[in-house]
1. Quote the FRET efficiency, to the nearest 0.05, computed for residue 163 versus residue 57 with a Förster distance R0 of 41 Å and r equal to the Cβ-Cβ distance.
2. Would you mind calculating the relative contact order of the chain from Cα pairs under 8 angstrom and at least 6 residues apart, reporting the percent as a whole number?
3. Under the Kirkwood approximation for Rh and a Cα-based Rg, what ratio Rg/Rh is obtained for the range 130-177?
4. Taking the chain as the reference, fit the longest principal axis to its C-alpha atoms, fit the long axis of helix 56-65 to the helix C-alpha atoms, and give the angle between the two in degrees, 0 to 90, nearest 10.
5. Could you tell me how far the Cα centroid of the range 9-33 sits from the Cα centroid of the range 197-216, in Å?
6. Within 10 Å of each candidate Cβ there may be at most 11 other Cβ atoms; applying that plus a DSSP loop requirement, which GluC sites (Glu not before Pro) in the range 38-107 survive?
7. How big is the range 1-144 by Rg and Dmax over its Cα atoms, in Å?
8. Can you give the angle from 0 to 90° between the axis of helix 106-118 and the longest principal axis of the chain, with both taken from C-alpha atoms, to the nearest 10?
Amino acid sequence: MSTPIVIAIDGPSASGKSTNAKIIANELGYTYVDTGAMYRTLAWNCLQQGIDTSNPEAVAHHCETWNAALAHEDNQVRLRVDGYYPEAEIRSAETSAVVSAVAAVPFVRDWMKARQRDCVQFGNLVMEGRDIGSNIFPETPYKFYLDASPAARQQRRDDDGIQENLATRDQRDSTRKSAPLVIPDGATVINNTGETPEQTSGRIIAEFNRLKSAGP
Ligand code: DC
C-alpha cells in the first residue's frame, strides 16, 4: 500500500481552517482531522475532573493517565474519552478560555503528536491545526497556511455567536515555547479575507492537484 497523503492546514483562530478542511476532505474523499478538537477535549476533561489547568504538571499527569482513544467515524477522526465524544462541550466559553494553556504543556504536545501521526492508519488525511506542517507532518509536500484580517476573523466568531477574544488566544498560541503557530517552511499562504469557503477551498484543491502532478 502506498504512503497516505496528508494535507496540512494551519493558521490562527477563525482563519477558515475547519470550514475549508471539511470541504476539501469531502471533495477528495479523505479523512478530516480537527487537532484543535483534540486539545479542546483534553482541556474540557481537565475541567470535568477538577484539574488545575494553570498547573502544567497537573495537566501533564492527567494527560498521561486519561482514558482517551482515536475513533474513525463519519470520515473524521475523533478523540473519545471513556468512550464519549464531547462534541458540544469542547466549544464552550469555559473550554476555550483554558485550551491555550493546556496546549502549551510540552508533555501534552508530545502525546498529541504521537496520536496525530497515528491517524494515517485511517488513510489519506486533511489535518488542520497550528503546527501540522511545521511539527506533526513536516515531511508532507502539501502544506497550507490560512489567514484573514483580524477584523474578518473576529467577525466570523461573532457571526457564529461565540464570544471570544481571538487576539488573546492567538498571542498565546504564537508565543508559546513548544511548537508555536508559525508559517511552515514551504507552505502556500492563503489570505481568504472576503472570500467564500468555495473560493478558498477551490484554490487549495487546485494548488494541491498542481503539486501532486508535479511530483516530488
Ligand atoms: O482550532 P481551535 O480553536 O479549535 O484550537 C483550540 C486551541 O488548541 C488553540 O488555542 C490552539 C490549540 N491548538 C494547538 O496548539 N495546536 C494544534 N495543532 C491545534 C490547536
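Each reported figure results from applying straightforward, stated rules to the coordinates on display, with no laboratory input. Because the structure is predicted, anything quoted here is derived from the model rather than measured. Note: ideal-geometry Cβ built from the backbone for every residue, glycine included; neighbour counts use all protein chains shown.
1. Values: r = 31 Å, r/R0 = 0.75.
Rounded to the nearest 0.05, the efficiency is 0.85.
2. About 33 percent, as a whole number.
3. Details: Rg = 13.4 Å, Rh = 12.7 Å.
Here Rg/Rh amounts to 1.06.
4. Computed tilt is about 80 degrees.
5. Rounded to whole Å, the Cα centres lie 13 Å apart.
6. Details: sites: 57, 64, 73, 87, 89, 94; in loops: 87.
Answer by residue number: 87.
7. Both quantities, over Cα of the range 1-144: 14.6, 45 Å.
8. 40 degrees
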